[in-house]
Amino acid sequence: MCQIDPADRSREDIASVEPMRARRSCLAVPGSNPRFIEKSRGLATDEIFLDLEDAVAPDAKEAARKNVVGALREGGWTGRIVAVRVNDLTTRWTYRDVIEIVEGAGDRLDCVLLPKVADASHVVWLDTLLSQIERATGLPEGGIGIEAQIENAAGLVNVDAIAAASPRLEALVFGPADFMASIGMRTLVVGEQPPGYGEGDAYHYVLMRILMAARAHDLQAIDGPYLQIRDLDGLRGVAGRSAALGFDGKWVLHPGQVDVVNEVFSPSQRDYDHAEMILEAYEYHTTVEKRGAAMLGDEMIDEASRKMALVVAAKGRAAGLARTTDFVPPPSA
Ligand code: GLV
Ligand code: MG
């Protein structure tokens, strides 16, 4: 008989690998557009963020704040991460964005998304302001998280310090459109390879750099938008690239993009089943058989296999996958 307690130790391990909620799909919704806000409530994204930055015209920013507070108070996104993107720190809007949103609806907010983070001081500024507002309004201190957008050369060069700048940080988010403009990349199609570059992937270094900083500080790594909203094959290709490296999710700009992105950032059923099998087999062999390396079918598994399996199992569980196969221990000798 198998001696493994199914309330396994891997659940605790999973918390250490993936302590955050899933962010496979993060929907951008202009804070100035009540129709889009209403529509977003019915979409199956893991996160929704109401935008006060680039999707809102300068003259509409102040009205958008009130709109966003009203929408947050109304709610309707149960089970999803709810964030607001404020304007970046070079503008005249940021401080009032944060104060109005958090004073008005901080109890309905999971995260503030800060764009164009160029160095750690941007995050420290937001952390301090959030703490002051939380203290003044009686919100739990440290309760509101931060997502930092890396979308210019300075941000990428400083990404390690940015990732370490606040315990509120939950995710680093690549902003490809602003980033491409910042470095002078010669294309207008966000996320696609610049013509003339040849065979390689022009984004590999950037994505890896962000991913390393995120992982070194236990943060999630999120890829930015794909603007060709009707080209779902293109989206699948671009999303597949960052998912393959290990990114946790990607922005979506349109309802039509949601299913593709959720699918691309979830493990396949086969990989999920396999990961759970590895965890159970490893648990059985180390605790019952007291062996550090063992066979699962034709596959040799050890502690490193367990760590890889934890990552896939955590993503599968967060995505709501259910197992379709069980580990059966070998008959006792
Ligand atoms: C998103 O903000 C981007 O610049 O791509
Ligand atoms: Mg941007």
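The values are calculated or read from the model by the stated rules, or taken from the named source; none is laboratory data. Please read all numbers here as calculations on a predicted model, not as lab measurements. Positions of Cβ are backbone-derived with ideal geometry, glycine not excepted, and every protein chain shown enters the neighbour counts.
Here is how the numbers come out for the structure above:
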| read-out | value |
| --- | --- |
| Qualifying residue in the range 110-117 (condition: assigned by TED's automatic domain parsing to the domain that holds residue 210 and loosely packed, with under 15 Cβ neighbours inside 10 Å) | no |
| Residue count, the range 280-298 (criterion: touching a Ser or Thr at 6+ places or on another chain (Cβ under 8 Å) and modelled with pLDDT of 90 or more) | 2 |
| Selection status of residue 130, assigned to a loop (DSSP other than H, G, I, E, B) and in the same structural domain as residue 103 (by TED's automatic domain parsing) | no |
| Residue under evaluation residue 44, criteria (1) in a helix (DSSP H, G or I); (2) in contact (Cβ under 8 Å) with a residue 40 or more places away in the chain, criterion not met | (1) |
| Scan of the range 87-139 for residues that are more than 22 Å from residue 172 (Cα to Cα) and of a type in the set (Ser, Thr, Tyr), ordered by number | 137 |
| Residue list for the range 8-41, restricted to those being of a type in the set (Gly, Ala, Ser) and modelled with pLDDT of 95 or more | 25, 28, 31, 32, 40 |
| Selection count, the range 64-76, where residues are closer than 11 Å to residue 33 by Cβ and more than 24 Å from the chain's Cα centre (by Cα) | 2 |
